[in-house]
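Report on the following structure.
The values are calculated or read from the model by the stated rules, or taken from the named source; none is laboratory data. This structure is a prediction, so every number in the text was calculated from the model and none was measured. Virtual Cβ from ideal backbone geometry, glycine too; neighbours counted across all protein chains shown.
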Amino acid sequence: MRSACLYRATTISAETDNGACVLARSHASASVPGAPLVVASAHGKGRVVVLGDSDLFGDDCIGELDHRALWLNLVYWVAQPPENGAEARHASVNRDDAAWAELREQTNQLGLLQAPDGSLEGDPAEAQRHVDQIASALQALAPRFAHQADYLEAALGDLRGWASGGFGKPDFTGALERFRPERQRQDGIEHLVFFPMYKQNGSRDTCYEALIVRVPWPDWIAELERTRYDNPKFVPVELIDGTRGYDSECVVLFPETVSVVGRPVNNFGASFSDREAERLRRVSPAIGSQWADTVREFKDVEDPRPYIDLVLEDEFPLSLFYSSLKAKLAA
């Protein structure tokens, strides 16, 4: 950005020796020359920006000069996690368990032996060794995920059935029916995930994947879901750790990605909120976007194609994504 105007600004008392950074000062001809007007600083576990004026971000001024760019830059900077914040947020005793490291490694190795439809195209004896080691790791981790006892038992049964049945296309119908994260939307609860699946926004090949995910469900989200945006199938998750397939842009965990025979059950819809947030921090909306200024007012549309044509290369029509997600979960 190049220019901004603080219309009725006061000045800010800022001490830069404590790490605060002065982003803008008053002009030399001002009544208080060279005084701080915009100050940014890290504070505790987050970040803070203080401005001596708010008029420049009001409805009548946000489009003037570079005010919109300044606002977006400040918001994106404040939203960034502090140094080492991501590591601290994703710390997990479950991830540190040696059985998890074994499960992740053996699942990655088994995936290398699978054909695009999930069947085996490698050595059956080698695949059986990986299956046995995966089963042992799942059993070792089961006490840490006691709330998933039925699901983990079913996942073990489906895995062993895949091996004893000749390593064809995997059928995890039983496990998918018992994987119910939407029933336990508790802040901080962790779930173990083991499925043969393809990845949306990633590889379309089906292979076994293992994940540890954590549900962020603070009181304010629970209140919104309870009073204004009721959706019993939706559950936000954060990726604590995962196998190779999630070294991708995949931001969802949907039942239809799991390999089953027949139509998959549709009990839940999980979105990786941490991955979405990181993507939005990396990509800021284009200034002057027709989408941001106009099309965002359309919450639900019959045919989204005319509106998608207005989206610039660095944008993503999130309202359409959530509309389609809502329809999917209601099916």
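A few remarks follow.
- Which numbered condition Ala135 fails, given (1) more than 30 Å from Ile221 (Cα to Cα); (2) not in a helix (DSSP H, G or I): (2)
- For the range 129-159, the candidate set comprises residues that are charged (D, E, K, R) and in contact with a helix residue (DSSP H, G or I) (Cβ under 7 Å, 6 or more places away or on another chain); within that set, the residue that is farthest from Pro196 (Cα to Cα) is Asp150.
- Val260 meets each of the listed conditions (1) under 21 Å from Leu103 (Cα atoms); (2) modelled with pLDDT of 95 or more apart from (1).
- Checking Glu126 against (1) in a helix (DSSP H, G or I); (2) surrounded by fewer than 17 Cβ atoms within 10 Å (Cβ to Cβ); (3) touching a strand residue (DSSP E or B) at 6+ places or on another chain (Cβ under 9 Å), the condition it does not meet: (3)
- Top-ranked residue in the range 2-54 [being assigned to a loop (DSSP other than H, G, I, E, B) and closer than 16 Å to Val78 by Cβ; ranked as modelled with the lowest pLDDT]: Gly19
- Number of residues in the range 160-217 that are assigned to a helix (DSSP H, G or I), polar (S, T, N, Q) and touching a helix residue (DSSP H, G or I) at 6+ places or on another chain (Cβ under 8 Å) equals 1.
Rundown of residues vs (1) more than 16 Å from Leu211 (Cα to Cα); (2) of a type outside the set (Phe, Trp, Tyr); (3) modelled with pLDDT under 95, yes/no style:
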| residue | (1), (2), (3) |
| --- | --- |
| Ala125 | yes, yes, no |
| Asp132 | yes, yes, no |
| Ala135 | no, yes, no |
| Leu138 | no, yes, no |
| Leu141 | no, yes, no |
| Phe145 | no, no, no |
| Asp150 | yes, yes, no |
| Ala154 | yes, yes, no |
| Gly161 | yes, yes, no |
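- The range 41-71, subset touching a Phe, Trp or Tyr at 6+ places or on another chain (Cβ under 9 Å) and closer than 11 Å to Ile12 by Cα, residue surrounded by the most Cβ atoms within 10 Å (Cβ to Cβ): Leu51
- Single match in Phe167, Phe194, Phe172 (criterion: assigned by TED's automatic domain parsing to the domain that holds Phe254 and either within 24 Å of the chain's Cα centre (by Cα) or among the aliphatic types (A, V, I, L, M) (or both)): Phe194
- Annotation: Arg144 fulfils all but one of (1) over 27 Å from the mean Cα position of the chain (by Cα); (2) touching a residue at least 12 places away in the same chain (Cβ under 8 Å); the unmet one is (1).
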